[in-house]
Amino acid sequence: MRWYLVHTKPRQERIALEHLEQQDYECYLPLIHTEKLRRRKLAVVDEPLFSRYLFIRLGQDDKDKSWSPIRSTVGVSRLVRFGERPAQVDDRLIEALKSREESFQCEPERLFNPGDPVRITEGLFSGLDAIYHMTDGEQRALVLIQILSKPVCLQLDPGSLHRAE
C-alpha cells in the first residue's frame, strides 16, 4: 500500500474525500485552521492545506481495491500522474503532514495580526491607513489611527478593513 495524489475539482476536496471514503478508500485531506471574513465577521474555519488536492492510499496487488472508480468519483478530477505512472507520495511526508496538522489546529492562522498595516475601506474614516491592534470580544476590530499626531483607537467592523500594501 502506498500513498498517491488525487486532483479534485475546484473547492470540492471535502466532497471527493467523503465519496472516496464511502467507497472504502483510505484518504487524507490535510486541513489548516484559519480566520476568514464570513458575512463581514471574523470566523475560524478549516480549509484544505493544499487547494484541490488530497491523498489516497492504494495497493498494487490484484486483491486490493480497483483504481478505476476513482476517476468517476464525485469531486475528483483525476489521479495525478507523471507520464504513465501515478505520482507516489512518501509515507514519511504523510506522517509529517499529520503531525504538523495537529500543531496547525491549536492556533488558527489569523487574517490580521497585531501591528499589521491595514486600510479602512468603509465609513467615516474610509481611505485612512491604520495599524491593526486586536479583535475585541464582540468580534470587532480595534485599530489605531493617527489624528492630530496622536494615536486613537477605533472599533470597526472587520469587513471594512483590508491589508495595506
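Taken together, the values in this text are just the output of simple stated rules run on the coordinates, not laboratory data. Keep in mind the model is a prediction, meaning the values are calculated, not measured. Cβ atoms come from the backbone with ideal geometry, glycine included; neighbour counts cover every protein chain shown.
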As a percent rounded to 5, the proportion of antiparallel DSSP bridges among beta bridges in the range 1-123 is 95 percent
Each label sits 7 Å from Cα toward the beta-carbon; between R52 and R11 the label points are separated, in nm, by 1.4 nm
Once both label points are put 7 Å beyond Cα along the C-beta direction, the L144-R40 separation in nm becomes 2.7 nm
Taking Lys and Arg as +1 and Asp and Glu as -1, residues besides Y53 with C-beta under 13 Å from its C-beta add up to +3
For the chain, the longest principal axis of the Cα atoms and the Cα long axis of helix 13-22 enclose an angle in degrees, to the nearest 10, of 30 degrees
For the chain, the charge dipole (Cβ of Lys, Arg +1; Cβ of Asp, Glu -1; about the Cα centre) points to a positive end, and the Cα of P114, S77, F50 closest to that extreme belongs to S77
Measuring from its Cα centre, the range 2-106 shows a charge dipole (+1 at each Lys and Arg Cβ, -1 at each Asp and Glu Cβ) which, in debye to the nearest 20, is 700 debye
Net charge (Lys, Arg +1; Asp, Glu -1) of residues whose beta-carbon lies under 12 Å from that of A87, A87 excluded, is +2
Calculating semi-axes √(5λ) of the Cα gyration tensor in Å from this structure picks out, from [x] 24, 18, 15; [y] 45, 15, 13; [z] 29, 16, 15, entry [y]
Per-residue Cβ contact counts at 10 Å, fewest first, order K98, K65 as K98, K65
In this structure, among K36/K65; K65/K98; K41/K98, pairs with alpha-carbon gaps over 27 Å are K36/K65; K41/K98
1/(1 + (r/R0)^6) with r = Cβ-Cβ of A164 and E109, R0 = 30 Å, i.e. FRET efficiency to nearest 0.05, evaluates to 0.95
Per-residue ellipticity at 222 nm attributable to helices in the chain (runs of n ≥ 4 DSSP H, -39500 (n - 2.57) apiece, nearest 500 deg cm²/dmol) works out to -5000 deg cm²/dmol
So, over other residues within a Cβ distance under 11 Å of R11, counting Lys, Arg +1 and Asp, Glu -1, the net charge is +1
Taking Cα atoms, the helix 91-106 axis meets the longest principal axis of the chain at an angle in degrees (rounded to 10) of 30 degrees
Taking R0 as 35 Å and r as the Cβ-Cβ distance between K98 and Q155, the FRET efficiency 1/(1 + (r/R0)^6), rounded to the nearest 0.05, comes to 0.30
Computed over the chain, the relative contact order (Cα-Cα under 8 Å, seq sep at least six) in percent reads 24 percent
A chain fully extended from E84 to S126 at 0.36 nm per residue, minus the present Cα-Cα distance, gains in nm 9.6 nm
Counted neighbours (other Cβ, 10 Å), sorted fewest up, put D136, D24 in the order D24, D136
By Cβ neighbour count within 10 Å, fewest first, F55, F82 rank F82, F55
